[in-house]
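The values are calculated or read from the model by the stated rules, or taken from the named source; none is laboratory data. Nothing here was measured: the structure is a model prediction, and the numbers come from that model. No Cβ is skipped: glycine too gets one built from the backbone with ideal geometry, and neighbour counts run over all protein chains shown.
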Amino acid sequence: MILLILLSLAGLADSIYLTYEHFNEVIPPCTVNAFLPILSDCGKVLTSPYSVMFGIPLAVAGILHYGFLSSLLIATFFSRRKVIKYMIILQSIIGAVSSLYFMYIQFGVIGSFCIYCTLSALVSFIIVSLVYIYLKRERFQLHTLIYAFIYQNILKPVLFLFDPEFIHNTMVSRGKLLATTPLMKLVGSKLIFKDKSLRQKTAGIYFENPIGLAAGFDYNADLTQALYYLDFGFQSVGTITNSSYAGNPYPRLGRLPKSRSLMVNKGFKNKGATAISEKLKNLKFLIPVGVSIGVTNSSEIKTVDMAVKDIVSAFRIFEKSGVKNSYYELNISCPNLVNVKNLTLYSPKNLDAVLKAVGRLRIKKPVFVKMPIEKTNREISLMLSVIAKYKFVKGIIIGNLQKNKKDHNLVQSEVRKFKVGYFSGKPCEERSNELIGLAYKKHKDRFVIIGCGGVFTGKDAYKKIKLGASLIQMITGMIYEGPQVISQINLELIELLKRDNFKNIKEAVGTES
Ligand SMILES: Cc1cc2nc3c(=O)[nH]c(=O)nc-3n(C[C@H](O)[C@H](O)[C@H](O)COP(=O)(O)O)c2cc1C
């Protein structure tokens with residue numbers, strides 16, 4: 001900052017000198033004239049019509065620019081307000097762009113240059129380069145704020161006019177297409193912010209940051225080449241089932257904006273394990289990918305035994321396929337399986353049966369179990385005790401949708417619009433947090449906990465981390481806040497960790513349990 005202040009004060013001094021000479025109608029000495037008499041002629045430049053714009057001498061504009069910039073830079077010593085740093089970035093860009101234009105006027109139009117103006121331009125270029133380096137995080141924050149503004153004020157109002165499932169499908173197909181173009185890299189260059197405080201190796205997997213896409217958004221694994229560019233640290237595909245399923249009867253998706261929630265009634269709509277594993281088997285992933293597996297939503301599955309065999313079969317297909325996924329999710333908690341409603345896989349006995357059968361496959365990749373949140377603490381504790389026996393289960397995801405339609409975070413007038421389905425987003429948050437705390441207290445390091453439900457901001461994610469989650473998953477926050485929110489959450493997490501003197505996210509896990 002000191003260097004930046006000195007540079008902007010040098011620019012200010014230069015501008016004051018030129019203003020003084022301008023109003024006294026004196027041409028400053030141009031020592032380079034002796035060596036470059038043709039090229040360098042301060043008089044020609046400073047008396048040209050271009051030295052005044054809109055009635056204001058450029059030298060005076062220089063004083064205003066450098067004076068303002070110096071004040072902003074000095075203000076950073078007295079205030080931590082981010083807006084000051086954002087203004088420094090914008091002002092330094094304005095200075096550099098204007099300088100570029102004035103250099104063009106000197107060389108391209110007047111055909112001569114003034115060393116004082118060139119010096120000012122040089123100072124502007126150095127300042128913008130240093131700001132680019134020193135205020136890297138703030139620069140990224142500014143990008144995300146601009147994206148958020150566009151999403152909230154232009155895109156979302158338009159998107160929310162259309163049917164949610166149509167928009168979801170369109171976004172997935174466009175995202176898949178975009179990933180093959182340079183535009184995606186451009187988007188990524190403005191959003192991907194890497195920082196060692198967010199990096200961790202957990203469950204044997206290396207994560208660049210802790211924010212992942214939860215199961216249910218990328219059912220057919222179309223976005224594995226795209227999500228890295230939105231600053232996701234990992235993603236889940238599916239839930240995928242042994243046989244394909246066309247989806248529950250409509251409506252399958254609905255918006256509850258006042259509740260910050262979505263009504264979900266998809267029931268594992270997906271193309272099936274064989275088709276999806278075929279699609280993925282030759283792909284390299286940019287971030288860790290988890291394959292979420294559940295029971296096929298078919299009325300042909302009539303017993304728990306059949307459900308277990310069906311799940312095992314889907315795991316087997318992926319294990320044999322050579323897909324380079326980093327982990328699996330075993331989803332035993334989907335509340336929308338209309339055709340296998342009566343097969344409750346989360347009762348301790350049935351859960352034990354599923355885990356025993358999957359365990360026999362001797363899967364090397366870590367498996368995470370996706371937990372329900374509507375069960376009582378006692379029921380969840382029993383489930384965790386069963387799961388803890390199985391070494392191949394490295395973690396748990398807490399948790400799935402909110403089944404309680406009376407949850408106080410749900411606005412009842414919105415709930416009444418839907419006869420089917422269950423709820424994501426903010427109505428999941430409280431219970432998800434309670435259960436993360438419970439699981440961490442009871443089992444400490446036995447499970448890697450992925451916290452999921454109602455994460456919209458960095459603070460929401462941090463809360464889950466301090467309760468015991470090592471990783472975070474989300475969907476609904478992204479739909480309401482915009483795709484830049486992942487980057488915003490990561491940037492906020494870096495600040496929160498720094499504020500609390502944690503060098504790495506691992507140090508923060510469970511500190512509030
Ligand atoms: C549209 C949609 C579809 C979902 N489908 C699945 C699914 O197939 N498998 C699953 O484990 N969870 C599914 N979920 C639940 C989410 O993975 C997540 O647990 C829940 O939405 C809470 O997170 P959120 O508040 O960040 O959305 C779905 C959620 C949404 C919004």
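Could you identify the single residue in K442, K506, K405 that is surrounded by fewer than 19 Cβ atoms within 10 Å (Cβ to Cβ) and assigned to a loop (DSSP other than H, G, I, E, B)?
Sole residue among the options that is surrounded by fewer than 19 Cβ atoms within 10 Å (Cβ to Cβ) and assigned to a loop (DSSP other than H, G, I, E, B): K405.
Return yes or no: is F423 surrounded by 20 or more Cβ atoms within 10 Å (Cβ to Cβ), within 14 Å of the ligand (Cβ to nearest atom) and either under 26 Å from L227 (Cα atoms) or at pLDDT below 95 (or both)?
yes
Conditions tested, residue by residue: (1) away from the ligand (no atom under 16 Å from the Cβ); (2) charged (D, E, K, R); (3) under 30 Å from A275 (Cα atoms); (4) at pLDDT below 95.
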position	(1), (2), (3), (4)
I133	yes, no, no, yes
L142	yes, no, no, yes
I150	yes, no, no, no
L177	yes, no, yes, yes
E208	yes, yes, yes, no
L223	no, no, yes, no
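Considering the range 369-420 alone, what residues qualify as being under 12 Å from S333 (Cβ atoms) and within 25 Å of the chain's Cα centre (by Cα)?
Hits for the range 369-420 are V369, K370, M371, P372, I373, I396, I397, I398, G399, N400, L401, Q402.
Consider the range 426-452. How many of its residues are within 12 Å of the ligand (Cβ to nearest atom) and of a type in the set (D, E)?
Qualifying residue count for the region: 2.
Conditions (1) assigned by TED's automatic domain parsing to the domain that holds S298; (2) of a type in the set (F, W, Y); (3) within 16 Å of the ligand (Cβ to nearest atom); (4) out of contact with any helix residue (DSSP H, G or I) (no Cβ under 9 Å at 6 or more places or on another chain), marked per residue:
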{"residue": "R316", "(1), (2), (3), (4)": "yes, no, no, no"}
{"residue": "G322", "(1), (2), (3), (4)": "yes, no, no, no"}
{"residue": "S326", "(1), (2), (3), (4)": "yes, no, no, yes"}
{"residue": "N339", "(1), (2), (3), (4)": "yes, no, yes, yes"}
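Considering only residues that are within 11 Å of the ligand (Cβ to nearest atom) and of a type outside the set (A, V, I, L, M, F, W, C), look in the range 260-286 and name the one that is farthest from F423 (Cα to Cα).
N270
Would you check which residues across the range 195-229 are surrounded by fewer than 24 Cβ atoms within 10 Å (Cβ to Cβ), within 24 Å of K498 (Cα to Cα) and among the polar types (S, T, N, Q) and list them?
S197, Q200, T202
Considering only the range 225-248, state which residues are assigned to a loop (DSSP other than H, G, I, E, B), touching a residue at least 24 places away in the same chain (Cβ under 8 Å) and out of contact with any Leu (no Cβ under 6 Å at 6 or more places or on another chain). If you could, list the steps in order and put the result at the bottom.
Keep residues of the range 225-248 that are assigned to a loop (DSSP other than H, G, I, E, B), which gives 225-226, 231-233, 242-244, 246-248.
From what's left, touching a residue at least 24 places away in the same chain (Cβ under 8 Å): 225-226, 231-233, 242-244, 248.
Across the range 225-248, the qualifying residues are Q225, A226, G233, N242, S243, S244, N248.
Looking at the range 454-486 only, could you name the residues that are more than 16 Å from the ligand (Cβ to nearest atom) and either on the phi > 0 side of the Ramachandran plot or part of a helix (DSSP H, G or I) (or both)?
Of everything in the range 454-486, those that are more than 16 Å from the ligand (Cβ to nearest atom) and either on the phi > 0 side of the Ramachandran plot or part of a helix (DSSP H, G or I) (or both) turn out to be K466, G468.
If a residue has to be surrounded by fewer than 17 Cβ atoms within 10 Å (Cβ to Cβ) and more than 39 Å from the chain's Cα centre (by Cα) to count, how many in the range 111-138 make the cut?
2
Suppose we keep only residues that are more than 24 Å from M87 (Cβ to Cβ) and in contact with a Phe, Trp or Tyr (Cβ under 6 Å, 6 or more places away or on another chain) within the range 140-193. Which one would you say is surrounded by the most Cβ atoms within 10 Å (Cβ to Cβ)?
Applying the filter and picking the extreme gives V187.
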